[in-house]
Amino acid sequence: MIRVLVVDDHTSFRESMVFMLDLADDITVVAQAGDSDTARSVIPANSIDVALLDLDLAGARGIDLIGVLRVHHPNAVAIVLTGNTGEKSRAQAIAAGAVGVLHKSTSISDILDALRRAAAGEPLVSPREASELMQQGSLYLSTEKNGHLALATLSQREQEVLRALAAGLDNHAIAERLFVSHDTVRSHIVRIYRKLGVDSRLQAVLFALRHRFLSEDDLA
């Protein structure tokens, strides 16, 4: 069962989304919130696999909740569901750690598909698309000196996993490539996040690109 958190300050939209998601046999909405403060209180109190976050909450940014989510649920992922999908907004969401950005006009069947793919560790945005989005949104960060030191702390296996993430492989495909279990892959990814100070696979790949550990040729 995929456990979902829905955060949106438009009550009718949020409640309709929760109703539709709960109709799926493999998805359950464990919590919902209409503002940032409520979301911050329900995140640590519930087991969450995927969070659907509105980009623009009243007086706050939905993407600011991604870091809170990852602190309490390191294996959880966030999908931004918004009415604002301009390049800069999408870039900001990806830079903050979202695994994908969907418009609020997206069909419920496509939202369900995205939730299932995200929960299974499948990328919703390819590393190459994320890299191009960062450049178009003028969000490519300058190289930090400490970044090279952080990358140097990765084990050989963690480097292999990072390159597999850049190639766009999901957790299952990485496990098959490296002849390890799915849980081992997830453990490696969590350690990569911690060492690089990032919150998503796309952030990890972009970090490695910025510090020239990876090149555009490594991207899917």
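Taken together, the values in this text are just the output of simple stated rules run on the coordinates, not laboratory data. It should be emphasised that the depicted structure is a prediction, and the values quoted were computed from it without experimental measurement. Every residue, glycine as well, gets a Cβ built from its backbone with ideal geometry; the counts of neighbours run over all protein chains shown.
Charge tally around ASP35: other residues with Cβ under 15 Å, Lys/Arg +1 each, Asp/Glu -1 each, net -4. Listed from fewest to most Cβ neighbours within 10 Å, the set MET1, MET134 follows the order MET1, MET134. With the gyration tensor restricted to C-alpha atoms of the chain, the semi-axes of the equivalent ellipsoid amount to 28, 19, 16 Å, longest first. Counting other Cβ atoms within 10 Å as a rough exposure proxy, the listed residues PHE13, PHE19, PHE207 run PHE19, PHE13, PHE207 from fewest neighbours to most. Taking every alpha-carbon pair under 8 Å whose residues sit at least 6 apart, the chain reaches a relative contact order of 17 percent. Close amide H pairs (under 5 Å, H built 1.01 Å from N) link LEU57 with GLY62, residues at least 5 positions away or on another chain. Solvent-free Debye calculation, one equal scatterer per alpha-carbon of segment 66-186: log10 I(q)/I(0) at 0.13, 0.15, 0.19 Å⁻¹ equals -0.61, -0.82, -1.26. Computed over segment 2-126, the convex hull of the alpha-carbon atoms projects to a mean area of 6.7 nm².
The listed peptides 173-179, 3-9, ordered by packing as a protection proxy, come out as 3-9, 173-179 (highest mean of other Cβ atoms within 10 Å first).
In the distance distribution for segment 145-215, Cα-Cα pairs more than 16 Å apart total 38 percent. Across segment 31-134, C-alpha contacts under 8 Å between residues 6 or more apart give a mean separation that, scaled by the residue count, equals a relative contact order of 23 percent.
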